[in-house]
Amino acid sequence: MSKINNSDNNSGEKQDILSLSLSELQELLEGMGEKKFRAKQIFQWLHVRRVFDFDEMTDISVQLRCRLKENFCINGLFVQKKLESSIDNTVKYLYRLSDGNFVETVLMDYSFGRSICISTQVGCKMGCGFCASAIAGFVRNLEPSELLMQIYQTERDAGVRVSGVVLMGIGEPLDNYSNVMKFLRLLSDKDGSGLSLRHVTLSTCGIVPRIYELAQEKLQLTLAVSLHSPDNVRRSEIMPVNRAYNIERLIEACRHYISVTGRRITFEYAVIDGVNSSAEDAKKLADLLRGMNCHVNLIPVNRVKERSYRTSSGGAAAFAQKLGRLGINATVRRTLGSDIEAACGQLRRDAGLADMQ
Ligand code: SAH
């Protein structure tokens, strides 16, 4: 049987069936001498009925189930720890991956429905100074199956269906480009979960060449760009990615993205006292974004215990007002799950492990 590799992780092992597209599965099953329609049955067992044990696929013959077990694995995630916020309905999951690594996933409750924040990598290379995800370093990319399973397992555990997915957990989605694209295709596949990408937001720190690549995919998702400062010196201090792709190049890429896709971009801006919230910052930011089809989402910077960044009470709202007076529309993001360290920038691949030993 020919193997379709998603990454080097899989070579020599059983094929990770949840990472396969329907056409890849069809090809593999045909190569095993099976009928093509079997692939669709199996695909729907996995992605629609969410059955993760070949023995429970009752309309598949016992003989084929055995062959599936020999050739494929179902890449499961295990709930290592679950924390529920006592101030809102946020739930944070620490998931153990099949190789023993960990990632965090957050289920959020909004008036319009449930939304899930998933991680895209084990750790992060980007090194943003205010973010906890980079502190323990980078280990590896997540497979498409591991991205999907964060949704499937969380929905199953919580007994809910999510109406939105945000790629804003641990990791940089555009640094795991091909797996993230494959995940998005699987998630929106009409024969699978069929979630419209209009309900998906992908957040990037600004890897410029990948923004151009993403524009070409012409997806309906919302692109969120972590800007955090309109000044190159300051942005490079807090976001090392700016040294490779500065603000001018980033904004040019964003303009291109908007013109190719026709979609509005969201700029994320963590408001930090003494770093990026002065009147001058507001003026520079307004000059940078004026006339663009975009929205500014302000985040009062969340606490990371190893760092001293702060937003004073009302700081984000005051910055929003400054921007408003300059003609730039900005909203302040509601902080969810701060009592369980589930808010933006608080997720970690080694979260809570110390107290579990
Ligand atoms: N790597 C992606 C996704 C990361 S998290 C990115 O950089 O966009 C999603 C958002 O949370 C990003 O805008 C990120 O910059 C922001 N963030 C990180 N740490 C934060 C903190 N301590 N407080 C508020 N927002 C933070």
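The values are calculated or read from the model by the stated rules, or taken from the named source; none is laboratory data. In this text the structure is predicted, and so the values were computed from the model without any measurement. When we count neighbours, we look across all protein chains shown, and the Cβ atoms used for this are built from the backbone with ideal geometry, even at glycine. Please note that ligands, DNA and RNA were not included when accessible areas were found on the heavy atoms of the full protein model with its side chains. Shrake-Rupley method; radii C 1.70, N 1.55, O 1.52, S 1.80 Å.
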Gap in Å between the Cα centre of the stretch 274-297 and the Cα centre of the stretch 48-116? 40 Å
Working from the alpha-carbon coordinates of the stretch 15-73, get Rg over Rh, Rh being the Kirkwood radius. 0.90
Counting only residues 5 or more apart in sequence or on a different chain, those whose built amide H sits under 5 Å from that of Phe102 are Leu97
Against the longest principal axis of the chain, how steep is helix 37-47, in degrees 0 to 90 to the nearest 10, with axes from Cα atoms? 40 degrees
Within the accessible area of the stretch 15-73 (1.4 Å probe), percent carbon and sulfur: 46 percent
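Using the Kirkwood formula over every pair of different C-alpha atoms, what hydrodynamic radius in Å results for the chain? Mind showing how you got there, number by number?
Values: mean 1/r = 0.0468 Å⁻¹.
Computed over the chain, the radius equals 21.4 Å.
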Sulfur and carbon atoms: percent of accessible area, the stretch 264-357 [1.4 Å]: 48 percent
Step through the table entries Lys283/Lys322; Lys125/Lys284; Lys125/Lys182, compare each Cα-Cα distance with 19 Å, and write down the pairs that go over it. Lys125/Lys284; Lys125/Lys182
Between Gln41 and Arg161, how high is the FRET efficiency from 1/(1 + (r/R0)^6) when r is the Cβ-Cβ distance and R₀ = 22 Å? Nearest 0.05. 0.50
Taking the Cα atoms only, what angle lies between the long axis of helix 144-158 and the longest principal axis of the chain, rounded to 10 degrees? 90 degrees
Cα convex hull of the stretch 194-301: how many Å³ per residue? 97 Å³
Using r as the Cβ-Cβ distance of Gln216 and Asp287, and R0 as 35 Å, what FRET efficiency do you calculate, to the nearest 0.05? 0.75
Give me, ordered by chain and number, the residues 5 or more places off Thr204 or on other chains with an amide H under 5 Å from its own placed amide H. Ala224, Val225, Ser226
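Using 0.36 nm per residue, how much length does the chain from Val48 to Asn232 gain when fully extended, once their Cα-Cα distance is taken away?
Numbers: separation 184, 0.36 × 184 = 66.24 nm, distance 4.63 nm.
My answer for the length gained is 61.6 nm.
Counting only protein heavy atoms and using a 1.4 Å probe, what share of the accessible area of the stretch 127-186 belongs to carbon plus sulfur, as a whole percent? All intermediate terms of the calculation are to be shown ahead of the outcome.
Values: 810 of 1600 Å².
The C+S portion of the solvent-accessible surface of the stretch 127-186 is 50 percent.
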Identify the residues of the stretch 124-143 with backbone N under 20 Å of a label point that sits 7 angstrom from the Cα of Lys81 along the Cα-to-Cβ direction, or state none. 124, 131-140
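Send over a whole-number figure in Å² for the accessible area per residue of the chain, probe 1.4 Å.
Values: 15120 Å² over 357 residues.
Accessible surface, normalised per residue, equals 42 Å².
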In degrees rounded to 10, the 0-90 angle between helix 208-217 Cα long axis and the longest Cα principal axis of the chain is 50 degrees
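Treating only the Cβ of Lys, Arg, Asp and Glu as charged (+1, +1, -1, -1), what charge dipole size does the chain show about its Cα centre? Round to the nearest 20 debye.
Values: 46 positive and 41 negative charges, 163 e Å.
My answer is approximately 780 debye.
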Using only Cα atoms, locate the centre of the stretch 216-255 and the centre of the stretch 147-163, then give the distance between them in Å, rounded to an integer. 31 Å
Please give every one of the lysines within straight-line cross-link reach of Lys81, meaning a C-alpha to C-alpha distance under 24 Å, and leave out same-chain neighbours fewer than 8 residues apart. Lys92, Lys305
At q = 0.12, 0.13, 0.25 Å⁻¹, what is the log10 ratio I(q)/I(0) for the stretch 159-252, with the Debye formula run over Cα points and no solvent? -0.42, -0.49, -1.35
